[in-house]
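Quick notes on the structure that follows.
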Amino acid sequence: MNIINKLTLRQMRLNRRRTLVTIIGVIISVAMIMAVATISVSFLELVKKQTIAREGEWHVTYKNVNREQLQAVKGDEDTRTLILSRDRGYALLPGSQNEYKPYLFIKEYSSEAYTQLPIELSAGRLPQAPHEVVLSEEIAKNGKVKYALGEQITLAIGQRVKTAGENKGELLTQYAPLQRYIGEENAGEGTTGERTTGERTTGEENTEERNSRERGETLTTESTETYTVVGYIKRPNWEPTWAPGYTVISYLDESMVGAQDNVDALVVLKKVKRSLYPHAEALAQKAGIEQYNFNNYLLRFYGVTADDQLQKTLWTLTAIMMSIIVIGSVSLIYNAFAISVAERSRDLGMLASVGATKKQKRNSVYFEGAVIALVSIPLGLLSGLAGIGLTFHFINPLIQSVSGMSEELTVVVTPASILLACVVSLLTIFISTYLPARKASRISAIEAIRQTTEVKLTGKTVKTSKLIRRLLGIEAELGLKNLKRNKRRYQAVVFSLVISIVLFLTVSYFTASLQKALSLSQDGVNFDISVALGSEDPIAAEQYIRSIISLADVQKYSVVTQLTTFTWLDEQIIAPELREQVKADPSMLEKGEYPYYLDIYALDDESLREYATQVGADFAQFDQSPELVGIVVDTAIYEDKTANKIVETRAIEAEIGQTIDLYRDSRETYLGKMRISALTGQLPMGVFPAGVGGLNIIVSEQVLNKLAEQQVDTETSLFLRTADPLETQHQIEELVGSDHLYVYNVYQQRQKEEQMILLMSVFTYGFIVLITAISIANIFNSISTSIALRKREFAMLKSVGMTPKQFNKMINYESILYGIQALFYGLPLSILVMHLIHRTFQSSFRYEFFLPWERIGAVIMAVFVIVGSAMLFSGAKVKKENIIDALKQENI
Amino acid sequence: MEILKIEHLSKIYGTGETAVKALDDVSFTVPRGQFVAIIGPSGSGKSTLLHMLGGVDRPTSGKVFVENTDIYALDETRLAIFRRRQVGLIYQFYNLIPVLTVAENMTLPLLLDQQKVDESHFQEIVKALNMQDRLDYLPNQLSGGQQQRVSIGRALMNNPSIMLADEPTGNLDSKNSKEIIDLLKMFNKTFHKTLLVITHDERIALQADRVIALEDGRIAKDEVIRP
């Protein structure tokens, strides 16, 4: 190795502490870069796995291929696995207890489907021969039709055809729910209707036929098959919840594809590359396959689809994070090398005097950079992976809970991610060493030996105000001047501190805001579970309500039935905002009246009584009067987009005793007069505020029924407060099928949101801690060097008679000044960013701006602790030094 | 009238095999107002002796009395104050604080002592040193000779009993050297400052009142040439 490099190595070894601190700093930054890259890649992999788990793994589908074309697809070199699929059709499920699901839907799959698609066997076995089937569990659970294992069933299979309305005659798929045909003409009559099969005679009908006639669809018969039930499967993900047919899967293999038959061929490719698109196109063209499509939903995770939003967003975020890390790291590494060059200036000068060229001197710095890189990068990569692996291990349960995913995050290492991390790290080191290297190349022999470049000062540079000396003493003045003399190094330290301060405060403010927003959005949501009971069957709903409210954990409940009617209100009593609009545009009025929608909510008697008491209304009038009475909620909330906030206003400017005319949907469908028995701003449990142009009216169930009788649709919901929301939800779901009722677990949602915030905090705080670690390394390096370089000066001060106490004072002032400067820039900047964050939140939530005082206090303390300890640590070494040794010594 | 008394001063650097005896049982006294030149080859212990006298380095054994005070019996703080008030130290180079102006450098001991600067005294010294025009300059804006003059000024500002100078002209050309020595002599005679100067320069040594020659840590010769 050449002498210059040898010298560099020796210097590095001599300055062990600084070299070590630099290496640690670089390791941290490399680890962070690696971590960011790994998170992105692992996250993509997770979503890909999740998609495969939920939707199945296949890449290209060739539709309606005949036997010959099938062979072409099968023989294609890129095909790894071939799944055959055919939809046989629908058959009536005799005895189905779910009136929305009267069918069985028969699909045929080849055996490969069971490995590639999300079909989960729950009992028995999979079909292995023709005429063997597995049935969806829901047939027994939901449809309440039980078929035993081994039982034979005969099905008349056909297609669903639309018989009325638009697109009459169209074939219906599983995505089309059972067609209802609401029309007065066919209700409850026994006349003949249209039929598409000519097998029955007119006159007598059975229930099923009448049902199918009342529906907007009918079932054709194409074939009859007898199947043996060999197993049950869990309801497949692809079956929509509203699908009218329960899934039945039968056997399929190549031999069953006759010369004239058509099947769908799903191809799982050997390798997913961009070329798969043109390749499939070519294959289809050659084989004469007209229809084919791609599973882009899955393929995008392989990076082969063009213009994928998810990937774009992910990589943008990654780039941003890496940039932040790089900036923080550059300041550290630059500083470290600047110091190294300053210390070695004498050596470099001597080398120059014996004939080293500019290039050689410059390269000595790059050499030091290379050595540090060699040590730090591998260690950094490893620790980054290890750190992320550990983090994943701990947050996986959280992620699964928040996202509902079944798959786990695993550490994915790709050559690309490692390469990326290496390249970025090397780039960082190179950028940081560029300037110091240039400076080193310029060091001339004389300058180095004279050592005058260390301090190129002018009076102005180190000018300080007289006040300082008077107030704080010469020690403080010396401290301040010391900081001013090496502006760049000083600025680098302050910069590091400011970055850490701003990052910490703004991110913690952001998470605090999220939490505040979360709590605000929960305002008014004073229930744990809501159950939407639908609008169809009031008797069944009543039963459900009864059974649910008697569950063990239910603490409080409220039954709310809602219907919507319309009215036209006189210009004088509508909301002020509307009045203004109407002044500008009188055409909005009809006969001097503005149309309003009225959401009428009926509470169960007990809840109504409580509510009435709360708002000061008289519950008795609901009982007594035969007329329609209601408590009108006269506040409405809307979002003023121009003023950018949420505003509360009067919904209606009426008085108690006034009446409102109710209409069902048009002026022709008059329902009655409603008397306003009370006006209030409070809403009962489960009722959300109306918007401008609407009104909420709270009535009793009796009043509502009077309106409902007149052909108005109602929706019933049950709101619960329970001791154990999760358990109660399970119990409810067991009580009812999953079809009529929609159970919304607010508590769970809230939990999810809180966990989401927790998850975010883990990452953001982890990130901040690491960036701060880099900053601390930087600060430590800078301060300890600036002190080490001044050993002689300190010795001289001591020789002139500075006491140890005065010396301490001087050092303390320096650290205090660092801290004050950093806070002077950092705090206002943080507050500015916090304000911006607040403004962003204000678009959705309205609350006062709050300064996180404890956090600010913590930051202030931390800054002084960091700077102070760096100085103390370095100062201690210097203090103990013998004055003479110091004066005689070089800067080692 | 003894301002300085050294008793059996010894200083050993290092330990064991690498131990170096810089001073070996040195004893002498100095009367007030004397100009002493200390000469000797390099490694003879001259600087070590001076540092012992200035309270800047602790002896391995022996005592140093300044104005009858055993300075090494004092604690760190008092020793520092002692240095501040009783001793004026001038080194060969790197004497000044780079961030302080000439004026500030000169008054540094006073500033540390939080004492007010006696303006007339200050002006006197400044005039004597011929530094009136450069009071606001920073050290890096001065030549070597000017820097040394400032050092001397600092050494004088707090009116010390003793001035110790370690090769004060080592860095200077002959003209400057003469000037510095003349200044030192002037202060010695006019203000009755006791002056101990380490030097290589024979010419300077011959201008002193007394010459002490050191060799291998011991006094080889002690001659008063001007009584």
- Starting from the range A:700-720, keep only residues that are closer than 22 Å to residue A:551 by Cα, then list their pairs with residues that are open to solvent by less than 20 Å² (accessible area, probe 1.4 Å) and assigned to a helix (DSSP H, G or I) whose Cβ atoms are within a distance under 8 Å, requiring at least 6 positions of separation or different chains. A:716/A:541; A:716/A:545; A:718/A:545; A:718/A:548; A:720/A:548; A:720/A:728
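Taking the conditions exactly as written (more than 24 Å from residue A:670 (Cβ to Cβ) and surrounded by fewer than 16 Cβ atoms within 10 Å (Cβ to Cβ)), does residue A:572 satisfy them or not? Outline the logic, then answer.
Details: more than 24 Å from residue A:670 (Cβ to Cβ): no; surrounded by fewer than 16 Cβ atoms within 10 Å (Cβ to Cβ): yes.
Against the criterion (more than 24 Å from residue A:670 (Cβ to Cβ) and surrounded by fewer than 16 Cβ atoms within 10 Å (Cβ to Cβ)), residue A:572 does not qualify.
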- Message: Take the residues in the range B:99-109 that are open to solvent by less than 10 Å² (accessible area, probe 1.4 Å) and closer than 20 Å to residue B:161 by Cβ; name whichever of them is farthest from the other protein chains (Cβ to nearest Cβ).
- Response: B:106
- Item | The listed residue being touching a Lys or Arg at 6+ places or on another chain (Cβ under 7 Å) and surrounded by 23 or more Cβ atoms within 10 Å (Cβ to Cβ), out of B:89, B:112, B:96 | B:112
- Within the range B:140-172, of all residues that are within 17 Å of residue B:109 (Cβ to Cβ) and of a type in the set (Ser, Thr, Tyr), the one least open to solvent (accessible area, probe 1.4 Å) is B:151
- Task: Those residues that are part of a strand (DSSP E or B) and over 17 Å from residue A:88 (Cβ atoms), I need them from the range A:214-229; list them, please.
- Result: A:215, A:217, A:218
- Considering residues of the range B:46-77 that are touching a Leu at 6+ places or on another chain (Cβ under 6 Å) and open to solvent by 10 Å² or more (accessible area, probe 1.4 Å) only, the residue nearest to the other protein chains (Cβ to nearest Cβ): B:48
- Message: Given (1) touching a residue at least 24 places away in the same chain (Cβ under 8 Å); (2) under 31 Å from the mean Cα position of the chain (by Cα), identify the lone condition not met by residue A:352.
- Response: (2)
- Kindly check whether there is at least one residue in the range B:23-33 that is more than 9 Å from every other protein chain (Cβ to nearest Cβ), open to solvent by 40 Å² or more (accessible area, probe 1.4 Å) and touching a Lys or Arg at 6+ places or on another chain (Cβ under 8 Å). yes
- Item | Subset tally (residues that are assigned to a loop (DSSP other than H, G, I, E, B) and over 14 Å from residue B:215 (Cα atoms)) for the range B:19-78 | 14
- Test set (1) of a type outside the set (Ser, Thr, Tyr); (2) without any contact (Cβ under 8 Å) to a residue 60 or more places away in the chain; (3) over 30 Å from residue A:95 (Cα atoms); (4) crowded, with 17+ Cβ neighbours inside 10 Å - residue A:278 fails condition number: (4)
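This table checks each residue for (1) part of a helix (DSSP H, G or I); (2) modelled with pLDDT of 75 or more; (3) open to solvent by less than 10 Å² (accessible area, probe 1.4 Å); (4) within 14 Å of another protein chain (Cβ to nearest Cβ).
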site: A:783; (1), (2), (3), (4): yes, yes, yes, no
site: A:816; (1), (2), (3), (4): yes, yes, no, no
site: A:819; (1), (2), (3), (4): yes, yes, yes, no
site: A:838; (1), (2), (3), (4): yes, yes, no, no
site: A:860; (1), (2), (3), (4): yes, yes, no, no
site: A:870; (1), (2), (3), (4): yes, yes, yes, no
site: A:884; (1), (2), (3), (4): yes, no, yes, yes
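Please determine, by comparing only the residues of the range A:44-80 that are among the acidic types (Asp, Glu) and either surrounded by fewer than 17 Cβ atoms within 10 Å (Cβ to Cβ) or touching a strand residue (DSSP E or B) at 6+ places or on another chain (Cβ under 7 Å) (or both), which one is nearest to residue A:287 (Cα to Cα).
As a first pass, look at the range A:44-80 and keep what is among the acidic types (Asp, Glu): A:45, A:55, A:57, A:68, A:76-78.
Subsequent filtering for residues that are either surrounded by fewer than 17 Cβ atoms within 10 Å (Cβ to Cβ) or touching a strand residue (DSSP E or B) at 6+ places or on another chain (Cβ under 7 Å) (or both) retains A:55, A:57, A:68, A:77-78.
Working: A:55: 28, A:57: 24, A:68: 8, A:77: 14, A:78: 15 Å.
Restricting to residues being among the acidic types (Asp, Glu) and either surrounded by fewer than 17 Cβ atoms within 10 Å (Cβ to Cβ) or touching a strand residue (DSSP E or B) at 6+ places or on another chain (Cβ under 7 Å) (or both), the top hit is A:68.
Right, residue A:244: at pLDDT 85 or above and surrounded by 17 or more Cβ atoms within 10 Å (Cβ to Cβ) or not?
So residue A:244 fits the description; yes.
Scan the range A:262-286 for residues that are closer than 29 Å to residue A:105 by Cβ and out of contact with any Lys or Arg (no Cβ under 7 Å at 6 or more places or on another chain) and jot them down. Give the steps one after another, and end with the answer.
Within the range A:262-286, the subset closer than 29 Å to residue A:105 by Cβ is A:262-269, A:280, A:284.
Across the range A:262-286, the qualifying residues are A:262, A:265, A:266, A:267, A:280, A:284.
I'm checking my understanding of the structure. Among residues of the range A:602-625 that are among the hydroxyl-bearing types (Ser, Thr, Tyr) and under 17 Å from residue A:556 (Cβ atoms), which one is farthest from the chain's Cα centre (by Cα)? Break it down into steps so the answer makes sense when it comes.
Of all residues in the range A:602-625, those among the hydroxyl-bearing types (Ser, Thr, Tyr) come to A:607, A:611, A:613, A:625.
Those left that are additionally under 17 Å from residue A:556 (Cβ atoms): A:607, A:611, A:613.
Numbers: A:607: 37, A:611: 38, A:613: 42 Å.
Residue satisfying both the conditions and the ranking: A:613.
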- Item | Top-ranked residue in the range A:794-805 [being surrounded by 21 or more Cβ atoms within 10 Å (Cβ to Cβ) and in a helix (DSSP H, G or I); ranked as farthest from the other protein chains (Cβ to nearest Cβ)] | A:794
- Residues of the range B:133-159 satisfying the condition of being at the interface with chain A (Cβ under 10 Å from one of its Cβ atoms) and not small (Gly, Ala, Ser): B:136, B:137, B:138, B:139, B:140, B:141, B:154, B:158
- Looking only at the range B:83-122, which residues are charged (D, E, K, R), at pLDDT below 85 and not in a helix (DSSP H, G or I)? B:116
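Have a look at A:812, A:808 and point out the one that is away from chain B (no Cβ under 14 Å), surrounded by fewer than 21 Cβ atoms within 10 Å (Cβ to Cβ) and in a helix (DSSP H, G or I). Reasoning before the result, please.
Details: A:808 fails: away from chain B (no Cβ under 14 Å).
Of A:812, A:808, the one residue that is away from chain B (no Cβ under 14 Å), surrounded by fewer than 21 Cβ atoms within 10 Å (Cβ to Cβ) and in a helix (DSSP H, G or I) is A:812.
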- Note on the structure: So, first residue among the aromatic types (Phe, Trp, Tyr) in the range A:465-485, second residue surrounded by fewer than 20 Cβ atoms within 10 Å (Cβ to Cβ), Cβ within less than 9 Å, six or more apart or across chains; the pairs are none
- Note on the structure: The residue from B:80, B:128 that alone is of a type outside the set (Lys, Arg) and open to solvent by less than 10 Å² (accessible area, probe 1.4 Å) is B:80
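The values are calculated or read from the model by the stated rules, or taken from the named source; none is laboratory data. What you see is a predicted model; the values in this text were computed from it and never measured. Here Cβ is always computed from backbone atoms with ideal geometry, including for glycine, and neighbour counts include all displayed protein chains. Just the protein is used for accessible areas: all its heavy atoms, side chains included, with ligands, DNA and RNA removed. Shrake-Rupley method; radii C 1.70, N 1.55, O 1.52, S 1.80 Å.
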